[in-house]
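Structure first, commentary second.
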């Protein structure tokens with residue numbers, strides 16, 4: 001198959017990556033020709049990853065500072081180039097992670113192309129997260145972005161032939177828009193073999209073990225996370241574990257949120273117990289995760305996104321065999337992972353953490369369950385699942 005990915009963001013420089021990006025690289029390894037549209041939105045940032053067997057399609061881009069405006073304007077601007085690319089490369093499948101440019105790609109595709117909408121997030125909320133501000137203008141802008149994004153999301157669902165969703169809640173959303181639409185469950189994933197290689201490299205390098213317990217929080221850091229609860233629990237844990245540390249790994253998308261958390265850490269006198277790394281390489285991430293006693297998924301539970309969230313970090317933590325403490329996320333609970341414990345407040349989190357840190361048998365059992373869980377959702381398993389979905393639906397178009 002010749003597959004064109006319209007990614008959610010800049011493929012090589014974005015602080016995060018799309019749901020389908022790494023799975024697409026596995027499809028390329030399986031012999032398919034995979035192309036990805038290149039959005040040059042982070043042109044001043046360092047390159048964070050190199051495409052593996054995926055060929056980037058570069059097109060002239062109008063650079064705009066506002067993210068929503070950037071994708072909206074360039075979606076229209078890129079239309080003729082997308083039409084030419086789909087025709088010249090004889091594209092069989094367009095997989096759309098980007099509701100603006102992906103919709104244009106759907107519209108310029110010929111009738112033989114299988115159009116796949118990757119409904120991986122509740123886009124109205126994720127698009128408007130950039131406009132968190134109390135000013136009246138920003139509130140109005142936020143509402144407008146949510147309304148426009150919802151309308152365009154529904155258009156993507158209606159114009160697609162097939163949808164993919166990372167959780168059951170989003171599948172239900174698809175069927176509310178179009179009850180007859182085929183929608184497949186394709187969750188987030190982790191590459192177990194890659195992480196195993198990284199773990200072994202860290203062991204061979206003989207990195208020193210930390211002086212005390214390490215707790216890891218990993219991912220794109222923004223105000224969809226509740227970091228104050230783990231930090232308050234950390235203060236409780238310090239009395240029994242004086243060398244304990246929380247390591248917060250990943251790029252911060254919101255400067256105000258970062259300043260707020262740093263002020264909280266200083267106010268609570270936790271500076272020596274918290275390490276904020278920012279973005280790190282895969283090797284450094286592996287080092288931190290290897291050292292971790294357990295990991296945390298501290299999502300806020302007061303937004304719609306918490307209802308639909310089945311985060312990638314669940315699968316990455318699991319690939320390293322780590323026990324996980326998490327806020328009660330319904331989609332995670334539905335999968336029934338035995339190595340994940342759900343906390344509701346500071347004291348419950350501190351109690352669960354203390355049990356993992358003091359009971360060796362408990363930690364070993366949870367670690368074994370984590371690896372068992374990860375194997376079920378390994379990237380190779382999901383790449384084969386996606387390949388079968390595409391092959392099953394493509395003949396109907398052609």
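The values are calculated or read from the model by the stated rules, or taken from the named source; none is laboratory data. Because the structure is a prediction, the values reported are computed rather than measured. Note that we place each Cβ from the backbone using ideal geometry, even for glycine, and neighbour counts take in every protein chain shown.
Worth a mention:
- Answer residue from the range 1-20, given it is closer than 20 Å to residue 379 by Cβ and surrounded by fewer than 21 Cβ atoms within 10 Å (Cβ to Cβ) and is farthest from the chain's Cα centre (by Cα) among those: 1
- Residue in the range 153-170 that is at pLDDT 90 or above, under 26 Å from residue 330 (Cβ atoms), surrounded by 14 or more Cβ atoms within 10 Å (Cβ to Cβ) and out of contact with any helix residue (DSSP H, G or I) (no Cβ under 7 Å at 6 or more places or on another chain) present: yes
- Residues in the range 274-307 that are within 19 Å of residue 252 (Cα to Cα), in contact with a helix residue (DSSP H, G or I) (Cβ under 7 Å, 6 or more places away or on another chain) and modelled with pLDDT of 90 or more: 274, 295, 296, 297, 298, 299, 300.
- Qualifying residue in the range 22-29 (condition: in a loop (DSSP other than H, G, I, E, B) and not assigned by TED's automatic domain parsing to the domain that holds residue 314): no
- Test: residue in the range 319-329 that is assigned to a helix (DSSP H, G or I) and surrounded by fewer than 17 Cβ atoms within 10 Å (Cβ to Cβ): no
- Among residues that are free of Cβ contacts under 8 Å to residues at least 12 places away in the same chain and either within 26 Å of residue 26 (Cβ to Cβ) or surrounded by 19 or more Cβ atoms within 10 Å (Cβ to Cβ) (or both), residue 197 is included.
- Total residues in the range 99-119 satisfying the condition of being in a helix (DSSP H, G or I) and over 13 Å from residue 82 (Cα atoms): the figure is 0.
- Residue ranges of helices (runs of 4 or more DSSP H) in the range 331-398 with at least 1 members within 30 Å of residue 32 (Cα to Cα) and either in contact (Cβ under 8 Å) with a residue 12 or more places away in the chain or assigned by TED's automatic domain parsing to the domain that holds residue 291 (or both): 360-376, 379-397
- Residue tally, condition assigned to a helix (DSSP H, G or I), in contact with a helix residue (DSSP H, G or I) (Cβ under 8 Å, 6 or more places away or on another chain) and in contact (Cβ under 8 Å) with a residue 40 or more places away in the chain, over the range 77-93: 2
- Conditions (1) in contact with a strand residue (DSSP E or B) (Cβ under 8 Å, 6 or more places away or on another chain); (2) closer than 16 Å to residue 298 by Cβ; (3) surrounded by fewer than 18 Cβ atoms within 10 Å (Cβ to Cβ); number of the one not met by residue 393: (2)
- Hits in the range 384-398 (condition: farther than 14 Å from residue 116 by Cβ and under 23 Å from the mean Cα position of the chain (by Cα)): 384
- Against the test of being modelled with pLDDT of 90 or more and not assigned by TED's automatic domain parsing to the domain that holds residue 96, the options 268, 256 yield a single qualifying residue, 268.
- Top-ranked residue in the range 40-60 [being assigned to a loop (DSSP other than H, G, I, E, B) and over 15 Å from residue 13 (Cα atoms); ranked as farthest from the chain's Cα centre (by Cα)]: 60
- Restricting the range 30-39 to residues that are in a loop (DSSP other than H, G, I, E, B) and touching a helix residue (DSSP H, G or I) at 6+ places or on another chain (Cβ under 9 Å) leaves a set whose member that is surrounded by the fewest Cβ atoms within 10 Å (Cβ to Cβ) is 30.
- Identity of the residue in the range 372-383, more than 14 Å from residue 29 (Cβ to Cβ) and buried (at least 17 other Cβ atoms within 10 Å of the Cβ), that ends up farthest from the chain's Cα centre (by Cα): 373
- Residues being under 23 Å from residue 253 (Cα atoms) and in contact with a strand residue (DSSP E or B) (Cβ under 6 Å, 6 or more places away or on another chain) - total across the range 47-105: 3
- Of note, residue 310 satisfies the criterion of being closer than 21 Å to residue 168 by Cβ, buried (at least 22 other Cβ atoms within 10 Å of the Cβ) and in contact with a helix residue (DSSP H, G or I) (Cβ under 6 Å, 6 or more places away or on another chain).
- Enumeration of residues in the range 264-307 that are at positive phi and either part of a helix (DSSP H, G or I) or buried (at least 16 other Cβ atoms within 10 Å of the Cβ) (or both): none
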